[in-house]
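The values are calculated or read from the model by the stated rules, or taken from the named source; none is laboratory data. This is a predicted model, so every value here is computed, not measured. Cβ placement follows ideal geometry from the backbone for every residue including glycine, while neighbour counts extend to all protein chains displayed.
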Amino acid sequence: MKTLAVLLSLACALTGARAASAADGLTAELSHAHVEITSHFTGKRILVYGVRSHPGTVIVKLVSPPEEVNLSRKIRVGPFWVNGAKVAVRGAPAIAYLSSSAPLKQALGARERERYGLTLDAVLGGASAHGPPGALPDWRAALLRLKERAGYYRVDGHGVDLLNRHLFRTIIDLPADIPIGRYHIEVYLAHGGRVVAHDDLRLAVLQPSFERRLARIAHRRSWAFGTAVTLLALVFGLSLSIGLRWFTRA
Amino acid sequence: MDIFLPLAHVDVNLWLILSFGGIIGLLSSALGVGGGFLLTPLLIFSGVPPIVAAATSATQIVGTSAAGSYSHLRLGNVDVKMAVPGLLGSWVGASAGVWIARVLERGGHFGTMVSFVYMIVLTTVAVSMFWESVNAMRRRGAGSAEAPGAATGFTSRLPWQTDFPVSGVRHSVLLPFGLGAAVGLLPAIGMGGGFVLVPLMIYVLKMPTKVAVGTSLFQLVFTTLLVSIMQAGLNHAVDPYLALLLILGSIFGVQIGTRLSAMLPAEQLRLLLAVVLIGVSVKLLIGLLSMPHFPVTMSAGVQ
């Protein structure tokens, strides 16, 4: 059912997109303009599809809003491995995917890749580390490695399918714990070692779930929140055990 | 069925958390130990960040021990006069404990500290439980013949000597205050501290066992109440879903434990718990000794 709907929307979009593609060289579209994070959000599959007027490699880059993470180097103290000083990294996107129809290094030269920000290093361009000086000098490399291992950053040289001379598509699986905000999706067409066309898309991740609102209140009004939760725990525990005792006795 | 814990920022299995609560409730009713010292490591093993595990354990203790404390109060097992200086002391200790936790968490060392402290405490508790239950099984009905000794010279020279009629003892109010302050440090790392406070009340304050248990539990509710509020206020570490699920599980555990204790001798349960605690200590030790797969760890940042 789902695939049918996707194919239908693909066909619909294409009739409209064809005319524009002649001028731009590349037109892309998203299967969903926005994603709503409900309480039962377990991730979302997004389809990026479009047409290209020239032959060449299609590159799709998705970058989410930033989210702070903490890094800590394991250090050895005697026989024990303990956490070293904590370094907070701010400004690094929570999620970054670089998908292309052929490996990026084949499609574009190093300078061109850098110019268009088509490397994971470039994704960390706005990031900064805050912690004791010298605690983790190689935090960029460590962050990239950890993010890639957790699947939050991904480079896939065969992630974009070229369906025929014009059509392309790629599937992006967003995980469950993604930040809300505007996601930037850039689509490039590379030919002869240069970018010949590009298109920009926006994906809005909306509507924080009840849990996320709760977390925000817990941070912004922490004392009121703490008092409320603790008193709720007290009342809940008391009433539950009184109720249960009454129930078992009856 | 997995649920997302909004403050811990992790997915956990609903039934696993409910069963953790159940085990803790069962232990507290069948053996009279709070079980907080088992809950925090279990939560950490399930992927909950150490600071959230410790803070939410304190919240869970509030909910689980409130009812028990109330029935002790009604039965007259609470020495309120003794509990007041004890509680003031434990509030001082608890505030210090949460501040220490905050400093350690900011520096990224809280998890390591928790592993070390739990390893030491759990091993000590397990060894003493093992010893106790072996002794009890050997004696079987001989009755504990240890007569309380006379008050030592040092404590009788402290100022503000007061009569505590419910316990039938005379002490300086500084004594329960000091003990409360020392034991009050523990809830900041998720331990109730009843397993330390009850023996101290019996052997140092010479309180009758029943009154010691009741008064300790009464103090515990209000100590963990403050710790829970402070942990949320300062460290943003109390997860509401986790707390309520643990309380729900533990209240049912208490009901099962009450029935179970009528069927199974406490010594055997104690022995079983000692084995479990040793297992948890060993797992913590392995975690500290084994080489990490990757030398840097990543955790969700606090906004």
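Some observations on this one:
- Qualifying residue in the stretch A:220-238 (condition: of a type outside the set (D, E), crowded, with 20+ Cβ neighbours inside 10 Å and in contact (Cβ under 8 Å) with a residue 24 or more places away in the chain): no
- For the stretch A:134-191, taking the residues that are within 24 Å of A:E29 (Cβ to Cβ) and hydroxyl-bearing (S, T, Y), the one that is nearest to the other protein chains (Cβ to nearest Cβ) is identified as A:Y183.
- Condition met for A:D199 (crowded, with 19+ Cβ neighbours inside 10 Å and either farther than 28 Å from B:V238 by Cα or in contact with a strand residue (DSSP E or B) (Cβ under 6 Å, 6 or more places away or on another chain) (or both)): yes
- Within the stretch B:106-123, being within 19 Å of B:G287 (Cα to Cα), in a helix (DSSP H, G or I) and not aromatic (F, W, Y) holds for B:G111, B:T112, B:M113, B:V114, B:S115, B:V117, B:M119, B:I120, B:V121, B:L122, B:T123.
- Selection count, the stretch A:167-177, where residues are more than 12 Å from A:Y97 (Cα to Cα) and either in a strand (DSSP E or B) or modelled with pLDDT of 90 or more (or both): 3
- Looking only at the stretch B:167-198, residues that are within 15 Å of the chain's Cα centre (by Cα) and at positive phi come to 2 in all.
- Some residue of the stretch A:149-161 being within 20 Å of B:T297 (Cα to Cα), in contact (Cβ under 8 Å) with a residue 24 or more places away in the chain, outside any helix (DSSP H, G or I) and in contact with a Phe, Trp or Tyr (Cβ under 7 Å, 6 or more places away or on another chain): yes
- Among (1) farther than 24 Å from B:L122 by Cα; (2) surrounded by 21 or more Cβ atoms within 10 Å (Cβ to Cβ) - the single one B:A188 does not satisfy: (1)
- For B:L246, the criteria (1) under 20 Å from A:A215 (Cα atoms); (2) at the interface with chain A (Cβ under 8 Å from one of its Cβ atoms) hold in every case but one, which is (2).
- Here B:R259 fulfils each of the conditions (1) farther than 16 Å from B:S28 by Cβ; (2) without any contact (Cβ under 8 Å) to a residue 40 or more places away in the chain apart from (1).
- Taken across the stretch A:195-203, residues that are farther than 30 Å from B:F294 by Cβ, part of a loop (DSSP other than H, G, I, E, B), of a type in the set (K, R) and more than 14 Å from chain B (Cβ to nearest Cβ) do not occur at all.
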